[in-house]
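Trainee: First, the structure itself, so that you have it in front of you.
The values are calculated or read from the model by the stated rules, or taken from the named source; none is laboratory data. All figures in this text were calculated on a predicted structure; none of them were measured in a lab. We place every Cβ from the backbone using ideal geometry, glycine too, and count neighbours over all the protein chains shown. Calculation scope for accessible area: heavy atoms of the full protein, side chains included, ligands and nucleic acids excluded. Shrake-Rupley method; radii C 1.70, N 1.55, O 1.52, S 1.80 Å.
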Amino acid sequence: MDLLLDAVVTGVLLGCFYGAVSLGLSVSFGLLDVPHVAHPAFLVLASYGVFIINEQYGIDPLIAGLLITPLFFVFGLIAYRLYYETFEKRGSDAGVRGIAFFFGVAFIIEVLIIIQFGVDQRAVTADYIGKSWRIADTRIPYRMLVAFAVAAALTIVLTLYLSRTFMGRAIRAVAQDQEALRLMGANPIRVKQWAFGIATAVLGIAGALLIIVAPVDPTLDRAYIGRTFCVVVMAGLGSMSGTLVAAIILGVAETIVTTMVGASWAPAISFAMLLGVLAVRPQGLFGRRS
Amino acid sequence: MKRSGAAFWIGAAAFLAVAFVMTKVIGNQYPFFAGYVILQFIALAVAWSILGGYAGYVNFGTSAFYGVGVYASVFLVKAFGAPLPVQILTAAAIGALMGFALGLLTLRMQGIFFSIATIALTIIIETVVTNWRYVGGAAGIQIQRPPVTAPFDNYVQLLFFIQAVLVVLAVAISRYIQNSWIGRGLQALKDDELAAECSGVPTLRLKLLACVISGALLCAVGAPGAMYLQYADPSSAFNLNYSVSTLAMSLIGGTAHWIGPVIGAIVLSTTQQLLTVTISSEVNVLVLGVMLVLFVVGAPEGIIGLARRIFHRSNEGRE
Amino acid sequence: MTMAPEAPAPLLRIVSLTKRFGGFTAVDNVSVDIRPGERFGLIGPNGSGKTTLINCISGAFRTEPGTVLFRDEDITSLQPHMRTRRGIARSFQIPRPFRSMTVAENLMVALDFAAHEHVSVAQRRDTMMGILTQMGLASKANAAATQLSQVELRKMELARAMATHPKLLISDEAMAGLSSSEVDEVLDLLMSLASHDITIIMIEHIMQAVMRFSDRVMCLDAGKIIAMGTPSEVMANQRVQEAYLGT
Ligand SMILES: Nc1ncnc2c1ncn2[C@@H]1O[C@H](COP(=O)(O)OP(=O)(O)OP(=O)(O)O)[C@@H](O)[C@H]1O
Ligand SMILES: [Mg+2]
């Protein structure tokens, strides 16, 4: 029983971390319908960015993550522009070619990282990595607590941004009705590009969390395709708080399976849940009203 | 129509004859090692296109079918010492069933959700195999090749020839589908499912059929892979690279005609084989990524699309 | 004028059909019988549920409560292609050609899959050319579907529907956006298709066309039938006039 409680606590923390790495996708895929399978590759790329800054200048990984967000924001702007010009503008089967396109991009990022850093795992150093907090028999690593806190903060900030600011509301509107937005005098493409920029910028911090939580290797992105898409689809496309809840469900499920059955089954959990959700609701759990 | 049919079969026979003669006159083993991989990708790309190209359902589960093919062989060899033809036929049967199940489970999903679901299926099956001790688990398993049978002197040559036969089989089936009512129905539902239904096309049944045929072929192509490497492990057999390579080859060649995936597979896998030898295997994944992006962006109809456009232009020039 | 001879069984019988999208009721408890050989006009302001009703008849939507009978057979739970094979064909309000095909190939899909008996390829080609000629599209047989003009697209949709060898043809605003001479052209076509064996339901906003074409007219508003009768009766109806002026 203790084991189970342990697993739930660990799972909730892990889930919050999954939430943080999925938030960007929740915007890019959930709200903008971009089949962004390169999202996890960008995430790993961010981790390597954090790794460089941390190693070269000894800067705390979270601050390093913050430092690279502007860069990732610009990446996002460029990536969406490219995607828009080549797929959305041309119209037909954007989804199909888009997903192939992003897979290509993911592979390119993977290989470039391998060429630069090799296939070995990389880790960062900070005070809170490696130590843990004991309550009764349970040990909670500080790095998971950091992940938990940052994830919660990120979710709150993004939720507020999307509901309180003009641009945030425009982003939500563009997901629902482009025409209405155009009538309001806003340019939907600009709004989407901005939103994609935000979605990618968030990856700066998410990438820092990824490498704080565990060492990172160039092909780690593949494990996160399932996790991030599982979370976003379960959450109901485009809902930030839903993302956090779905991520916690996934985190708990993975931890319980890992402790009860074995770690070798963990990779299938997210995909099995994803498949289950899609089988019941082919258009995603809470398919947006069209 | 009749004449092009005869030409096709003569070409296929000539192709097999050349493959056979090669095993007789080339002493060096390397060309067969490399050739096997190229042939395997041609067959995979052609098989993939039946669902991914004609029907437009982008299946990222090639690795799942390929891996199941490999492990079907592993299991049959370990349990019964089954010969190669039995391995391939069993793999095909399993692949057909898998295709059917995949179809039932996922064909109601649209576009990207279908693609994501096929990735999910791949990882789930890989995880199951990883946890299956009997076939070696995560560590993998060594496979003993049986002695080679006449007329071949060497097992790799035998595998090379068998893969050539699978290529001919895959192409013949794909070509038949393209030219028959099945192909017309798939093309219609790819263009517009509702309009196809309202023209009498039983879209669900046709998609299931495409899934079954494509799945059977993909699995069959994977089956000799165990004997080829004399070794199998889940993370290589189910590697996502198979899915993306196959998809890339079909898109690069063009999916509107059966020849497209053949051309794409030859171009891409030959390049990759050359690069693997001369530079490194990382670079060939890079090439895969770059070519995929370039073609998807610059030539959405692939090489055959480019060729058609050039052909049309020169025709118009003449008039 | 009002007298369509007392026909035997209806060709199509719709019984208390309702279609909801979430909480919104697009078609509300509609019941109607369509007689064999009839030219039936379906009108109603924008968003009144005409296309939705057609989608329920052709099987694109599942109806929640409600029954659709075609030639005395309950087809409520049949998939669209089964309905097509039984003889229900339709055109789409926004044309949906098979874009990667030529005009001839578009028709061949319908001939290949909806054909009632097995006929040779050569015979099917003859049938196809016959239909294209009747529709005035013979010269476009080998043109790509994407190269057609608006009026040609509309005609091709009707031709493709005809290629399924229908008993009931439903035309959803085949004349929208056409010039007045083109409207006459398409209207003449529909008149020529209507016969004892082919019953036509025509959805249209252009009133002269509806008046000229229809034996009987039904008007929907907010998913409900508000009037039914001869064209002149329906036009004179108070509620119909309000519905049209009100929007
Ligand atoms: N797939 C759908 N999901 C949700 N609502 C829908 C859907 N299809 C139609 N509607 C709604 O149902 C109502 C009826 O639409 P319908 O297309 O049947 O009207 P119509 O009479 O054909 O109008 P028009 O003359 O403009 O073609 C509309 O309010 C429309 O917004
Ligand atoms: Mg309508």
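Trainee: Could you tell me whether the range A:57-72 includes any residue that is in contact with a Leu (Cβ under 7 Å, 6 or more places away or on another chain) and either away from chain B (no Cβ under 12 Å) or in a helix (DSSP H, G or I) (or both)? Quick ask: steps written out before the conclusion?
Mentor: First, pick out the residues of the range A:57-72 that are in contact with a Leu (Cβ under 7 Å, 6 or more places away or on another chain): A:72.
Now narrow it down to the ones that are either away from chain B (no Cβ under 12 Å) or in a helix (DSSP H, G or I) (or both): A:72.
Taking every residue of the range A:57-72 in turn, at least one turns out to be in contact with a Leu (Cβ under 7 Å, 6 or more places away or on another chain) and either away from chain B (no Cβ under 12 Å) or in a helix (DSSP H, G or I) (or both).
Trainee: Name, by its number, the condition in (1) open to solvent by 50 Å² or more (accessible area, probe 1.4 Å); (2) modelled with pLDDT under 85 that does not hold for A:PHE148.
Mentor: Condition (2) is where A:PHE148 drops out.
Trainee: With the requirement that a residue be assigned to a helix (DSSP H, G or I) and open to solvent by 50 Å² or more (accessible area, probe 1.4 Å), what does the range C:190-206 give you?
Mentor: C:MET191, C:SER192
Trainee: Suppose we filter the range A:68-91 for residues that are surrounded by fewer than 20 Cβ atoms within 10 Å (Cβ to Cβ) and free of Cβ contacts under 8 Å to residues at least 40 places away in the same chain; how many remain?
Mentor: 8
Trainee: For the range C:167-185, name all the residues that are surrounded by fewer than 22 Cβ atoms within 10 Å (Cβ to Cβ) and of a type in the set (A, V, I, L, M).
Mentor: If the condition is that a residue be surrounded by fewer than 22 Cβ atoms within 10 Å (Cβ to Cβ) and of a type in the set (A, V, I, L, M), then C:ALA176, C:LEU178, C:VAL183 are the ones that fit.
Trainee: A further question follows. Is it the case, given these coordinates, that C:ALA194 is away from every other protein chain (no Cβ under 14 Å), touching a strand residue (DSSP E or B) at 6+ places or on another chain (Cβ under 9 Å) and modelled with pLDDT under 90? I'd like the intermediate steps shown before the answer.
Mentor: Values: away from every other protein chain (no Cβ under 14 Å): yes; touching a strand residue (DSSP E or B) at 6+ places or on another chain (Cβ under 9 Å): yes; modelled with pLDDT under 90: yes.
When the stated conditions are applied, C:ALA194 passes them.
Trainee: Does C:ALA122 satisfy the condition of being over 25 Å from C:MET191 (Cα atoms), touching a helix residue (DSSP H, G or I) at 6+ places or on another chain (Cβ under 6 Å) and without any contact (Cβ under 8 Å) to a residue 60 or more places away in the chain? Don't jump to the end; show me each part of the working.
Mentor: Values: over 25 Å from C:MET191 (Cα atoms): yes; touching a helix residue (DSSP H, G or I) at 6+ places or on another chain (Cβ under 6 Å): no; without any contact (Cβ under 8 Å) to a residue 60 or more places away in the chain: yes.
Answer is no for this residue.
Trainee: Further question on the same structure: Inspect all residues belonging to the range C:152-160 and state whether any of them is within 16 Å of ligand 1 (Cβ to nearest atom) and either more than 14 Å from chain B (Cβ to nearest Cβ) or touching a helix residue (DSSP H, G or I) at 6+ places or on another chain (Cβ under 8 Å) (or both).
Mentor: Yes, the range C:152-160 contains at least one residue that is within 16 Å of ligand 1 (Cβ to nearest atom) and either more than 14 Å from chain B (Cβ to nearest Cβ) or touching a helix residue (DSSP H, G or I) at 6+ places or on another chain (Cβ under 8 Å) (or both).
Trainee: Being out of contact with any helix residue (DSSP H, G or I) (no Cβ under 6 Å at 6 or more places or on another chain) and of a type in the set (Gly, Ala, Ser) is the filter; apply it to the range A:92-125 and report the residue that is most open to solvent (accessible area, probe 1.4 Å).
Mentor: Among them, the one singled out is A:SER92.
Trainee: All but one of (1) at pLDDT below 90; (2) more than 14 Å from chain A (Cβ to nearest Cβ) hold for B:ILE162; which doesn't?
Mentor: (1)
Trainee: Then there's this: Return yes or no: is C:THR84 out of contact with any Leu (no Cβ under 9 Å at 6 or more places or on another chain), within 13 Å of chain B (Cβ to nearest Cβ) and within 13 Å of ligand 1 (Cβ to nearest atom)?
Mentor: no
Trainee: Which pairs do you get when a residue that is closer than 10 Å to C:MET218 by Cα, found in the range C:38-53, comes within reach of a residue that is within 8 Å of ligand 2 (Cβ to nearest atom) and part of a helix (DSSP H, G or I), reach meaning Cβ atoms under 6 angstrom, with the pair 6+ apart or on two chains?
Mentor: Pairs that qualify, where the first residue is closer than 10 Å to C:MET218 by Cα and the partner is within 8 Å of ligand 2 (Cβ to nearest atom) and part of a helix (DSSP H, G or I), are C:LEU42/C:LYS50; C:GLY44/C:LYS50.
Per-residue answers, yes or no, for (1) in contact with a helix residue (DSSP H, G or I) (Cβ under 7 Å, 6 or more places away or on another chain); (2) surrounded by 24 or more Cβ atoms within 10 Å (Cβ to Cβ); (3) part of a helix (DSSP H, G or I):
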{"site": "B:ALA47", "(1), (2), (3)": "yes, yes, yes"}
{"site": "B:GLY53", "(1), (2), (3)": "yes, yes, yes"}
{"site": "B:GLY56", "(1), (2), (3)": "yes, no, no"}
{"site": "B:ASN59", "(1), (2), (3)": "yes, yes, no"}
{"site": "B:ALA64", "(1), (2), (3)": "yes, yes, yes"}
{"site": "B:VAL68", "(1), (2), (3)": "yes, yes, yes"}
{"site": "B:ALA72", "(1), (2), (3)": "yes, yes, yes"}
{"site": "B:ALA82", "(1), (2), (3)": "yes, no, no"}
{"site": "B:PRO85", "(1), (2), (3)": "no, no, yes"}
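Trainee: Okay, moving on. Out of all the residues in the range C:161-182, which are more than 14 Å from every other protein chain (Cβ to nearest Cβ) and within 16 Å of ligand 1 (Cβ to nearest atom)?
Mentor: C:GLU173, C:ALA174, C:MET175, C:ALA176, C:GLY177, C:LEU178
Trainee: A follow-up question, please. Given C:THR164, C:THR133, which one is open to solvent by 30 Å² or more (accessible area, probe 1.4 Å), among the β-branched types (Val, Ile, Thr) and either more than 16 Å from ligand 2 (Cβ to nearest atom) or modelled with pLDDT under 90 (or both)?
Mentor: On the way: C:THR164 fails: open to solvent by 30 Å² or more (accessible area, probe 1.4 Å).
C:THR133 is the lone residue from the list that is open to solvent by 30 Å² or more (accessible area, probe 1.4 Å), among the β-branched types (Val, Ile, Thr) and either more than 16 Å from ligand 2 (Cβ to nearest atom) or modelled with pLDDT under 90 (or both).
Trainee: Grab the strands (runs of 3 or more DSSP E) fully contained in the range C:9-58, keeping just those with 3 or more residues being more than 7 Å from ligand 1 (Cβ to nearest atom) and more than 17 Å from C:LEU69 (Cβ to Cβ).
Mentor: Of the strands (runs of 3 or more DSSP E) lying wholly inside the range C:9-58, those with at least 3 residues that are more than 7 Å from ligand 1 (Cβ to nearest atom) and more than 17 Å from C:LEU69 (Cβ to Cβ) span C:39-43.
Trainee: Given (1) more than 14 Å from ligand 1 (Cβ to nearest atom); (2) open to solvent by less than 50 Å² (accessible area, probe 1.4 Å); (3) more than 24 Å from C:GLY37 (Cβ to Cβ), identify the lone condition not met by C:GLY223.
Mentor: Status for C:GLY223: all satisfied but (1).
Trainee: For the list (1) open to solvent by 10 Å² or more (accessible area, probe 1.4 Å); (2) within 14 Å of another protein chain (Cβ to nearest Cβ); (3) more than 16 Å from ligand 2 (Cβ to nearest atom); (4) under 19 Å from C:ALA161 (Cα atoms), I need the number of the one condition that C:THR51 fails.
Mentor: The number of the failed condition is (3).
Trainee: Right, C:PHE98: open to solvent by less than 10 Å² (accessible area, probe 1.4 Å), more than 14 Å from chain B (Cβ to nearest Cβ) and more than 16 Å from ligand 2 (Cβ to nearest atom) or not?
Mentor: So C:PHE98 fails the test.
Trainee: Report every pair of residues separated by at least 6 positions or lying on different chains whose Cβ atoms are under 7 Å apart, first residue within the range A:236-248 and open to solvent by 10 Å² or more (accessible area, probe 1.4 Å), second at pLDDT 75 or above and assigned to a loop (DSSP other than H, G, I, E, B).
Mentor: As it stands, the answer is A:GLY242/A:GLY236, since those pairs meet every condition given.
Trainee: If you take the residues of the range C:180-194 that are touching a residue at least 12 places away in the same chain (Cβ under 8 Å) and more than 24 Å from C:PRO80 (Cα to Cα), which of them is farthest from ligand 2 (Cβ to nearest atom)?
Mentor: From the range C:180-194, those touching a residue at least 12 places away in the same chain (Cβ under 8 Å) are C:182-183, C:185-187, C:189-194; that's our starting set.
This time we only want the ones that are more than 24 Å from C:PRO80 (Cα to Cα), so: C:182-183, C:185-187, C:189, C:191-192.
On the way: C:GLU182: 19, C:VAL183: 17, C:GLU185: 21, C:VAL186: 17, C:LEU187: 18, C:LEU189: 20, C:MET191: 22, C:SER192: 24 Å.
Of everything passing the filter in the range C:180-194, C:SER192 is farthest from ligand 2 (Cβ to nearest atom).
Trainee: Same structure, new question: Let me spell it out: the conditions are (1) in contact (Cβ under 8 Å) with a residue 60 or more places away in the chain; (2) surrounded by fewer than 24 Cβ atoms within 10 Å (Cβ to Cβ); (3) within 14 Å of chain C (Cβ to nearest Cβ), and B:ARG145 meets all of them except one. Which number is the exception?
Mentor: Only one criterion in (1) in contact (Cβ under 8 Å) with a residue 60 or more places away in the chain; (2) surrounded by fewer than 24 Cβ atoms within 10 Å (Cβ to Cβ); (3) within 14 Å of chain C (Cβ to nearest Cβ) is unmet by B:ARG145, namely (3).
Trainee: Let me ask another. Since C:ALA176 meets every condition but one in (1) under 24 Å from C:ARG83 (Cα atoms); (2) within 16 Å of ligand 2 (Cβ to nearest atom); (3) not in a helix (DSSP H, G or I), which condition does it not meet?
Mentor: (1)
Trainee: How about the range C:59-89: which of its residues are within 16 Å of ligand 2 (Cβ to nearest atom) and either part of a strand (DSSP E or B) or within 15 Å of the chain's Cα centre (by Cα) (or both)?
Mentor: Scanning the range C:59-89 gives a single hit, C:ALA60.
Trainee: Listed residues A:ARG222, A:ARG288; which is at pLDDT below 85 and either away from chain B (no Cβ under 12 Å) or away from ligand 1 (no atom under 16 Å from the Cβ) (or both)? Outline the logic, then answer.
Mentor: Values: A:ARG222 fails: at pLDDT below 85.
Criteria check complete, one pass: A:ARG288.
Trainee: Something else: Given the condition buried (at least 16 other Cβ atoms within 10 Å of the Cβ), within 20 Å of the chain's Cα centre (by Cα), on the phi < 0 side of the Ramachandran plot and within 14 Å of another protein chain (Cβ to nearest Cβ), answer yes or no: does some residue in the range B:169-177 qualify?
Mentor: Step one: filter the range B:169-177 for residues buried (at least 16 other Cβ atoms within 10 Å of the Cβ), giving B:169-171, B:173-175, B:177.
Those left that are additionally within 20 Å of the chain's Cα centre (by Cα): B:169-171, B:173-175, B:177.
Still in the list and also on the phi < 0 side of the Ramachandran plot: B:169-171, B:173-175, B:177.
Right, trim to within 14 Å of another protein chain (Cβ to nearest Cβ) and you get B:177.
Within the range B:169-177 (the criterion being buried (at least 16 other Cβ atoms within 10 Å of the Cβ), within 20 Å of the chain's Cα centre (by Cα), on the phi < 0 side of the Ramachandran plot and within 14 Å of another protein chain (Cβ to nearest Cβ)), the answer is yes, since at least one residue qualifies.
Trainee: I'm trying to understand the selection: among the residues of the range C:213-239, which are within 21 Å of C:ASN29 (Cβ to Cβ), touching a residue at least 24 places away in the same chain (Cβ under 8 Å) and not in a strand (DSSP E or B)?
Mentor: C:ALA222, C:GLY223, C:VAL234
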